[in-house]
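In what follows, a single structure is set out as structure tokens and then discussed.
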């Protein structure tokens, strides 16, 4: 080894002994983060006097690693938050309202339409926005004079009508595809006379049917599956969908209580010769809370059982026939609907339609009622059929002394019509009841001096033996049945102060 080489080695040894001690670096640390080459590493290649720069320690793993785990997690959370906000779906909807037209779009549980203004909804459009899953929202309306639309609508297409003045009465809405697996759709209707109803969801009916009540407003919202919907905690006293329910049934000889039938259905039998013994006519009215009152005319009892509210009219276990019925609606229901009913009677068959408390069936014949048909319709909508001859009453033949004479005088004074004859014979019987006009019977009144010109002039004679059927029926009803149509005791062919005109005479 020459002298020059020995001098270089000595110099390097002395320099290394003068260096400060560096912190130990573990293999794990260097594997976790390999630092970029430092000044000290490059200067070691050429040991010159400037090597004092290597006195700076190499970076440790903690100093030279990538961002710490908490910092990376915060970034992930921010990214996820942005993604969630971007994929939260909305339901957007708009309504066409009476006198207004299309109202501005609304969304996510806000009310579309009006309340307190009695304005009907006529059209509805619905769509989804920002749906994070495949699928759609479908909707369908129950429309005045149409019923449920034939198909479902989507993509903001028109459900209902526009320009036809037809009210929407109910709706149903549902999600499809993957959306239906991850979300529920809730909706509720505001209806006339009912206000806000309870919430429906996922294709259930909301609104009303059979009442003729318009929807006036609607709320719709999406709720993730499994979450409690953020809706009012105070439930509506009315169901989400209000539809009249009917429970009509009869207790029949040899059968007992029959199965219930609905509106316009028949209870009892026809052609089997079986008596009805009791009836139960009920309705489930979720809007007005009203019901049906019934009264039956019963064998050996007559009408004496009285009115029954939402109960059984008639008897069971007594083999007692029903001969006639009266039905009427109670409460607010009576202002909105008419109840029609008709009886099938032994030896007669079907009679005409009675309504709202009128008698149907028969009385005095001893005939059993065998069947009954009941139909509730909107107020003034008209009868389901013929309204003549609804109730037949048997009255034993009444012998009226001088019947032909009385009829002849009445026709001469009042004409051949039933109404004109009834007005005249009513006046005659009012006089007879008062006892101040020559007697207490019709003949004495007619023949009293100076009273009836038809008798005094003898003109009545032309109708002896040939008076009209209308006149004969009027005389029988007034004298035999007590039918009276006014309180007056005098009449003339011309008006006087305070007189009332009836058919062809002025009565006072």
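The values are calculated or read from the model by the stated rules, or taken from the named source; none is laboratory data. In this text the structure is predicted, and so the values were computed from the model without any measurement. Cβ coordinates were reconstructed from backbone atoms using ideal geometry, including for glycine residues, and neighbour counts include every protein chain displayed.
Just a few scattered comments:
- Any chance residue 392 is at pLDDT 95 or above and surrounded by 14 or more Cβ atoms within 10 Å (Cβ to Cβ): no
- For residue 422: the one exception among (1) touching a residue at least 40 places away in the same chain (Cβ under 8 Å); (2) part of a helix (DSSP H, G or I); (3) more than 56 Å from the chain's Cα centre (by Cα): (3)
- Scanning segment 412-437 for residues that are crowded, with 19+ Cβ neighbours inside 10 Å and closer than 19 Å to residue 464 by Cβ yields a count of 9.
- Filter pass, residue 112 being touching a strand residue (DSSP E or B) at 6+ places or on another chain (Cβ under 6 Å), at pLDDT 95 or above and surrounded by 13 or more Cβ atoms within 10 Å (Cβ to Cβ): yes
- Yes/no for residue 415 being in the same structural domain as residue 501 (by TED's automatic domain parsing) and within 21 Å of residue 499 (Cα to Cα): yes
- Residue check, residue 121 under 17 Å from residue 202 (Cα atoms) and at pLDDT 95 or above: no
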